[in-house]
1. Kindly rank 251-260, 358-367, 105-114 from highest to lowest mean number of other beta carbons found within 10 Å of each residue.
2. Once neighbouring chains are kept in place and the probe is 1.4 Å, which whole percent of the accessible area of the chain is contributed by carbon and sulfur?
3. Could you work out [θ]222 nm for the chain from helices alone, using -39500 (n - 2.57) per DSSP H run of at least four and dividing by all its residues? Round to the nearest 500 deg cm²/dmol.
4. Provide the per residue accessible area, probe 1.4 Å, for the chain, rounded to a whole number of square angstrom.
5. Shape verdict for the stretch 136-180, please, from the Cα gyration tensor: rounded (a/c under 1.5), prolate (a/b greater than b/c) or oblate.
6. Subtracting the Cα-Cα distance from 0.36 nm times the residue separation, let me have the gained length for Glu187 to Ala336 in nm, one decimal.
7. Taking the highest mean first, how do the peptides 147-159, 412-424 order by number of other beta carbon atoms within 10 angstrom per residue?
8. If you take the beta carbon distance between Ile135 and Ser196 as r and set R0 to 45 Å, what does 1/(1 + (r/R0)^6) give as a FRET efficiency, to the nearest 0.05?
Amino acid sequence: MGSNRSHGESIEQHSIDYVPPEERYGKPWHLFTVWFSSNVQITGFVTGVLAVTLGLDLPWAVATILVGNLVGAVFMAYHSIQGPRLGVPQMIQSRAQFGFLGTLLPVVIVLCMYIGFGIEGGVITGQAFANWAHISFTWSVIIQGAVPAVIAIVGYKVIHLSTRVVSVVSGLLFLALTIALAGHLPEHLPSGPAPSFGTVLLVMSIFVSWQLTWAPYVSDYSRYLPEDTPSRTTFLWTYAGSALGSSWVMILGAFAATISTETVGDDAIGMLSRQIPALSSVILLAIVIGIVPAGVYGYYGMYLTAISAFSAKGHGSATPLVRAVFIVVSATLTIAATLMASGHILSTVENITLFLLYLLVPWTAINLTDYYVVRRGHYDVGELFRPRGEYGLVNWPAVLVYLVAIAAQIPFISSSLYTGPLVDYLGGADISWIVGLLVATVLYLAYARRTREVAQPVGARASAPGSDAPLSVD
């Protein structure tokens, strides 16, 4: 497969268009490094701190981190299977549920997600990097925004290659830090009464949301894999990379918060570097490298998502030059917004992750229900690129289900920005994401089964874009 056009060129030529079988390449294990590298980094570490700052002792913090990530990663890994099967980015596949223009609603939300996480990452790493390296916050943010932008401009192949390097560097770094932090834990860990049910669920929701926020672009990084890549293999490599990577560094964050909450919150990189003074420069470099994948995914995913809203097929108007211009503009705006951001780092993390959870859970429920239960993987990929094709301009019932599911979560939301009227009856628990998941799944399934017959099982054949030849989706 190494002789095909897509694999042979360093600069990616495809955008949102279908990747034909002869241009597919890569191995399923590459997905492990994609998601391991994006999770084993400083933002995940700081997110893990929240488990302790919100009131859990270390054993409970570790338990909520593990459960939240192991549960949330199931959903994101199921999205990964869609990439090799359909050969298109995640938000293009979403046209099958919401319609060609109906998908604009989740697209706008996903774009806001990219911007929010770009600012969040900039605040966390920008302040810490600036304090430790003795440079201005402005230059710190510019540096950490420019490097990912360059990689995103080159595209898919270099993104995958960079994640393999980052996985090794970050893995070795955090292994050393695991040993160092474990040695600094108090001999007798502070403990108190068992936390309330509400606190446990609130903290767990943050870690579930960490995984679910990957969902709108998981298949963007698996869509070049050969069509016959086994679904189980795609799922397991994605799941392992994301769930294990995030759980590991978040537990380290909980370790650090147990040692010194104030220090890790104000200067995470400084605290980490002090754990191994002789390697402080290496630690700084590795942490800076470690933040690259998330930044790359932000710019690259923002580009694919925006093009899916404005370009029918991704040809002509979505050339490498267009990608470069779009990403440069996006990086400039994100950097500017980061420089204007203010507020405590940990509250910023909590508010952004929980807010996105409320919006993305119904979308992921509808998308996965449609793919695995209603259509069972049977899609006419060519029709995804036709505005008035099989999937229509706007699927209003699906849009309504999405909005109703979001509304159903409101009474159960528990955050610093808003607390729903039913939260007190649940002991402060935030079960909004569970409600959104169930409501969206049940309503969409009921609508789909009333309006169409259940599709053929995965393995049915559909038309490839731009041709009359059959396209296997299994």
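The values are calculated or read from the model by the stated rules, or taken from the named source; none is laboratory data. Computed from a prediction, not measured in an experiment: that's the story for all the values here. As a convention, Cβ positions derive from the backbone with ideal geometry for all residues, glycine included, and neighbour counts pool all protein chains shown. With ligands, DNA and RNA removed, areas are computed over all heavy atoms of the protein, side chains included. Shrake-Rupley method; radii C 1.70, N 1.55, O 1.52, S 1.80 Å.
1. 358-367, 251-260, 105-114
2. Using a 1.4 Å probe with all protein chains present, the chain comes out at 69 percent carbon and sulfur.
3. On the way: 19 runs with 305 residues, N = 474.
-21500 deg cm²/dmol, from helical runs alone.
4. Details: 17780 Å² over 474 residues.
So the chain comes to 38 Å² accessible per residue, rounded to a whole number.
5. oblate
6. Between Glu187 and Ala336, full extension yields 49.2 nm more.
7. Numbers: 147-159: 20.9, 412-424: 16.4.
Those peptides, ordered most packed to least, come out 147-159, 412-424.
8. Calculated transfer efficiency: 0.55.
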